[in-house]
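Nothing in this text is a laboratory measurement; each read-out follows from the coordinates by a stated rule. Here the structure is a predicted model, which means the values were calculated and not measured. So basically every Cβ, Gly included, is an ideal-geometry build from the backbone, and we count neighbours across all protein chains shown.
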Amino acid sequence: MKRIMSQLCLLFLCLFVIGCTPADDQQETGHDHGHDHSAETRMPFDSLVIRICGHRDAIKAAFDADKQDEAHDPLHEIGHLITQLPDAAAETDLDESDWNQVKQASDNLMVSFGKVDARFHGEEEGVKFTEVEEDVQDAISVLKEKVAVLASPSQESQP
C-alpha cells in the first residue's frame with residue numbers, strides 16, 4: 001500500500017509540474033495558459049472518457065512500437081484527465097452506485113498508469129504498459145458502460 005501511495009504521489013507531482021501542453025490546450029479549448037485551471041469549466045464526463053481512451057491508445061502504441069519515451073507526455077495528460085472523472089460523473093444523472101463504480105475505475109486507472117509512469121522516473125516498481133493493460137481495459141470498460149447509461153433513452157426521460 002505504501003508503494004502505491006508513493007507512486008500516486010509521484011504521478012500527482014508530475015502532473016502539477018508538467019501540466020497539459022500548450023498545443024493540446026489551445027487545440028481543445030482555444031486559449032493559452034495565462035490563467036488558473038481550477039477556474040475552467042469542467043469537461044463533460046463522456047468527453048473525458050473519449051480523451052482518456054485516446055491517450056490510452058497513444059500510450060499503448062508507443063510501447064507496442066518500442067518507443068516508450070513517446071508515452072511519457074500522454075501519461076501525464078491522462079493523469080490530469082483521470083483526476084477529473086469523479087467530479088464530472090457527479091455532475092451527471094448517474095446514481096450513487098454508478099458514481100462509486102466510476103470512482104473505483106478512476107482509482108484503478110491512476111494506480112495502473114502510475115505504475116507505468118514510475119518506469120520513467122527510475123523506480124523499481126515501474127512496469128511496461130502490457131503489464132497493466134488488462135486492468136486499464138477493465139476500468140475503461142466500466143467508464144464506457146456509464147457513458148452508455150447516460151446516453152440511454154430511459155436515462156434521458158428521468159426528471
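Per-structure values
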read-out	value
Area projected by the alpha carbon convex hull of the range 58-127, averaged over all directions, nm²	5.1 nm²
Subset of Lys103/Lys146; Lys67/Lys144; Lys60/Lys128 violating a 19 Å alpha-carbon distance limit	Lys67/Lys144
Calculated FRET value between Ser152 and Glu124, using beta carbons and R₀ = 41 Å, to 0.05	0.35
Computed lengthening from Glu91 to Asp135, 0.36 nm per intervening residue step minus Cα-Cα distance	13.3 nm
Phi-based couplings in Hz for the range 58-74 (Karplus 6.51, -1.76, 1.60; Gly and Pro marked x)	5, 5, 4, 4, 5, 5, 4, 8, 6, 10, 4, 4, 6, 8, 5, 5, x
